[in-house]
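Read-outs throughout are calculated quantities, based only on the coordinates presented, and are distinct from any laboratory measurement. This structure is a prediction, so every number in the text was calculated from the model and none was measured. Using ideal geometry, Cβ is built from the backbone for each residue, glycine included, and neighbour counts are taken over all protein chains shown.
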Amino acid sequence: MLEIKNLHVTVGGKEILKGLNLTINDGEVHAIMGPNGAGKSTLSYAICGKDGYEITEGSVTYKGKDFLDMNPDERAGEGLFLGFQYPVEIPGVSNMNFLRTALNSQRCYRGDKDMAAVDFLKLIRAKAKELDMDPEMLKRPVNVGFSGGEKKRNEMVQMAVLDPNLAVLDETDSGLDIDALKIVAEGINRLRASDKAILMITHYQRLLDYVVPDYVHILADGRIVKTGDKSLALALEEKGYVGLGITEAA
Amino acid sequence: MVATKEAQKTVEDVTGEYKYGFVTDIETEKAPKGLSEDVIRFISAKKDEPEWLLDWRLKAYAKWLTMEEPTWAMVEYPEIDFQDIYYYSAPKSADDGPKSLDEVDPELLRTYEKLGISLQEQEVLAGVAVDIVFDSVSVATTFRKKLKEAGIIFCSISEAAHDYPDLMKKYLGSVVPVADNFYSCLNSAVFTDGTFVYIPKGVRCPMELSTYFRINEANTGQFERTIIIADEGSYVSYLEGCTAPQRDENQLHAAVVELVTHDDAEIKYSTVQNWYPGDKEGKGGIYNFVTKRGACRGKNSKISWTQVETGSAVTWKYPSCLLIGDGSVGEFYSVAITNNYQQADTGTKMMHIGKNTSSTIISKGISAGKSQATYRGLVKVMAGAENARNFTQCDSLLIGDQCGAHTVPYIEIKNPTAQVEHEATTSKISDEQLFYCLQRGLEVEDSVALIVNGFCKDVMQHLPMEFAVEAQKLLGISLEGSVG
């Protein structure tokens, strides 16, 4: 699904990722953990093609296509979704309108017709219900006045409607109470399928209790320094980065 | 009739002899460049106007000569040579303008296509000489018949001067006096056409009135005059302009609009202005210096202005309300977009004169490129205006870092019972918002359009439906190329 080779990324003149390698196959769930400033968010932005994240070396290949050659909206059209750490507010644009525009833009990219309004309404209502979101929230402007938990839940509703092939979730679990965490985890689990893949970036092991990853990677100083299974996350929780021989600055 | 004889003589005076230097050509008929009493007589004669109207024009001209061009607005443009302008030009003949759409700027056609405008309409808008009588003319005739049955007068100002002289005499210049300002005074001297609407007592106009139905008369020149009167208990919604950019060689537009509502009457006036804004380097474009004012004369009457201003190189425009009748209501909803080198200085004046009057102002300014947008507003509560209420909200959105947004609110209160609220914000389309939209699959231009439409929602929802959809598309089109 996704192959990242020797990725070097510079932000504002400073090199953040320094030769990162990562391969994610269909059906897999990967978790990336790491100390603050290790480059976790940079990785997610670089995969999505955000402006200001300059790729100086390396490659990102998605289903055999060169991702680095595509605009962010094209990558989304190819089936990439980013769950934002801090979802953005868009005043005056209803959640429903936003999501419908997004979905139809992606369909247009893939050469499909717009989804009929009635079908869209059914779809979004069903997904909101699955994720326990008040349907009234769909009419409210995107993320405006939402609590931290509501914003993250909203990201999950968007993900469910857009139904991506590859979801990159940037600290989707942070700021959630335990009930919200369970709902978000369920949203992620619903996406799990043999033809899809998920990359979770998280600070805490607790999300991994609900979404069990196939691989856990530790990112430090711009590289993946350790890879294991779920037990690595547990060991990390117990011993800390230093205990595993990983210093903040690596 | 003396007046007719006079008029005939005037026609002879101004058209018959070469010494006045008039170009009298059957195909195109123009007054010579520049402004003089003779030119005004020529215009009046061309319109076959009654004597009193000619006098009115001449008085305005005499006054105009003593006035100075205002310089207080936050706009800059080269000095206008008022003697280098044609003040009268007969409708274009088939020899002027492009022969077919092939000769029209492809950029313009691309915009029409995006707005979903039919080929026939495109031809008219682009100024292509169309021989065939197309559908909307017959549509217009049907509508006019229906309006006539309801007792509604909906005609050109020239027709009104002939057919309804009493109404014209009563209302012309009654809201915007001749000497109100430099441009309104100029308009009073040389206005060439415009629209006259009268809604009789108790009549609710059965359709949205629009100049669009008079599209066959679209080339009415740059000095339009519009008068709308809503008699007791009546209602009318009037749409001005067109969402498609109009091909236009006129550099200066100085229109005057006067609205009057009597007891319990309401006028809703919506404008989408999309004149040529000049090119990306700031060359060319229309100077749009417009005076629009409504007088709520009757008690509990209401005037509501909604405007979407996306065109013109320079806009100078303050649709205002005189809240004279007790309990009258004034509203101003505005979206002004400037891109590239456009400049807009726009806002409103709410004059609270009667008791229990209230006004609402919602202004959304969007600046992109190297443009400058200014909101300039006055809320004035007179001594006798007990319990006046005003709410003002001015929001500015900046795109890029080379544009400017300015807010200049004036508040003058002479009655202690007044309640006036003013809120203002300035924000930018952030990289974060843009990336969020892109990541969800929206293209850059769609993302900007979506964010801007969200920003303008409070205003757009006041537009009549058929206008709102096109206006939404227009916001996106106006901002094309402003990001990325």
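Odds and ends about this structure:
- Qualifying positions in segment B:435-453 - hydrophobic (A, V, I, L, M, F, W, C) and more than 7 Å from chain A (Cβ to nearest Cβ): B:C437, B:V444, B:V448, B:A449, B:V452
- Hits in segment A:98-132 (condition: of a type in the set (F, W, Y) and within 11 Å of another protein chain (Cβ to nearest Cβ)): A:F98, A:Y109
- Yes/no for A:R190 being out of contact with any His (no Cβ under 6 Å at 6 or more places or on another chain), away from every other protein chain (no Cβ under 14 Å), within 29 Å of A:L121 (Cα to Cα) and touching a residue at least 40 places away in the same chain (Cβ under 8 Å): yes
- Failed item, numbered, when A:I188 is tested on (1) β-branched (V, I, T); (2) surrounded by 21 or more Cβ atoms within 10 Å (Cβ to Cβ); (3) in a loop (DSSP other than H, G, I, E, B): (3)
- Checking A:T56 against (1) in contact (Cβ under 8 Å) with a residue 40 or more places away in the chain; (2) within 11 Å of chain B (Cβ to nearest Cβ); (3) more than 20 Å from the chain's Cα centre (by Cα), the condition it does not meet: (2)
- Counting only strands (runs of 3 or more DSSP E) wholly contained in segment B:293-370, the ones carrying 2 or more residues that are within 30 Å of B:S430 (Cβ to Cβ) occupy B:302-309, B:314-317, B:329-338, B:343-352, B:358-367.
- Which listed residue, of B:S478, B:S447, is touching a strand residue (DSSP E or B) at 6+ places or on another chain (Cβ under 9 Å), among the small types (G, A, S) and surrounded by 23 or more Cβ atoms within 10 Å (Cβ to Cβ): B:S478
- Residues that are of a type outside the set (D, E) and at the interface with chain A (Cβ under 8 Å from one of its Cβ atoms), drawn from segment B:454-484: B:G454, B:F455, B:C456, B:K457
- Checking the stated criteria, A:D73 turns out not to satisfy the condition of being surrounded by fewer than 19 Cβ atoms within 10 Å (Cβ to Cβ), facing another protein chain (nearest Cβ under 7 Å) and out of contact with any Pro (no Cβ under 7 Å at 6 or more places or on another chain).
- Within segment A:219-242, residues that are without any contact (Cβ under 8 Å) to a residue 40 or more places away in the chain reach partners that are assigned to a loop (DSSP other than H, G, I, E, B) and among the small types (G, A, S) with beta carbons closer than 8 Å, at six or more positions or on different chains, in the pairs A:V225/A:A250.
- Looking only at segment A:85-97, and only at residues there that are on the phi < 0 side of the Ramachandran plot and facing another protein chain (nearest Cβ under 7 Å), the one that is surrounded by the fewest Cβ atoms within 10 Å (Cβ to Cβ): A:V88
- Members of segment B:415-433 that are at the interface with another protein chain (Cβ under 8 Å from one of its Cβ atoms) and more than 18 Å from B:S396 (Cβ to Cβ): B:D431, B:E432
- Scanning segment A:20-39 for residues that are in contact with a Leu (Cβ under 7 Å, 6 or more places away or on another chain) and either of a type in the set (G, A, S) or buried (at least 21 other Cβ atoms within 10 Å of the Cβ) (or both) returns A:L20, A:H30, A:A31, A:I32, A:M33, A:G34, A:A38, A:G39.
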